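To start, the structure itself, in structure tokens.
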Amino acid sequence: MTVMLDINVLLDVFLVRQPHYDCSAQVLSRVASGKLVGVVAPHGLTTLYYLARKQADQATAEAAVDRILQHFRIANLDHSGWQKARALPLPDFEDAVIASTAEISVCDFIITRNMTHFVGSPVPAITPADFLCLYPYNGCTTPVRSENESAL
């Protein structure tokens, strides 16, 4: 299964934002372990770096980018992909770029905590908690990280 991760999910993990950290970390752990293919939008790395550096420090920002580069595919949009994003009926252009990138990358879901931002997206959006309940790991029906599964 291939999933696009919205920047808020990445920031939950790399900045240890509670109460969202646990579920977001479990999703990223599944990517790191190869249980999911994770995709990040083309502007995701620079946004992650900027916000992590601003809210934490340069070392945190660099470590976050390095981990994403190690475990995730970074999707690209060509001219027609950017045009498609502009044509999507989403109120925010950044979210439209994520939705367009997710569609071009053949993602099954966009994992985000901002569900309302993706109403009208060609790829369905789901929260990290709902994703974990819908796709439990090792028979687990509640989102709890296993001993072998750690965040990126």
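Some values worked out for this structure:
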read-out	value
Residue ranges of helices (runs of 4 or more DSSP H) in the stretch 63-145 with at least 1 members modelled with pLDDT of 95 or more and within 23 Å of residue 31 (Cα to Cα)	93-104, 128-134
Any hit, the stretch 29-41, residues being of a type in the set (Gly, Ala, Ser), without any contact (Cβ under 8 Å) to a residue 60 or more places away in the chain and under 13 Å from residue 74 (Cα atoms)	yes
Filtered residues of the stretch 58-80 (kept if small (Gly, Ala, Ser) and farther than 11 Å from residue 45 by Cα)	59, 63, 80
Residue in the stretch 2-10 that is closer than 21 Å to residue 135 by Cα, in contact (Cβ under 8 Å) with a residue 40 or more places away in the chain, in a strand (DSSP E or B) and in contact with a Leu (Cβ under 7 Å, 6 or more places away or on another chain) present	yes
Test set (1) over 14 Å from the mean Cα position of the chain (by Cα); (2) outside any loop (DSSP other than H, G, I, E, B); (3) among the charged types (D, E, K, R) - residue 35 fails condition number	(2)
Any hit, the stretch 40-54, residues being modelled with pLDDT of 95 or more, in a helix (DSSP H, G or I) and within 21 Å of residue 125 (Cβ to Cβ)	no
Selected residue (only one of 78, 57, 92 is in contact (Cβ under 8 Å) with a residue 24 or more places away in the chain and of a type in the set (D, E, K, R))	92
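The values are calculated or read from the model by the stated rules, or taken from the named source; none is laboratory data. In this text, all values refer to a predicted model and were calculated from it rather than measured experimentally. Reconstructed Cβ throughout: ideal geometry from the backbone, glycine too, with neighbour counts over all protein chains shown.
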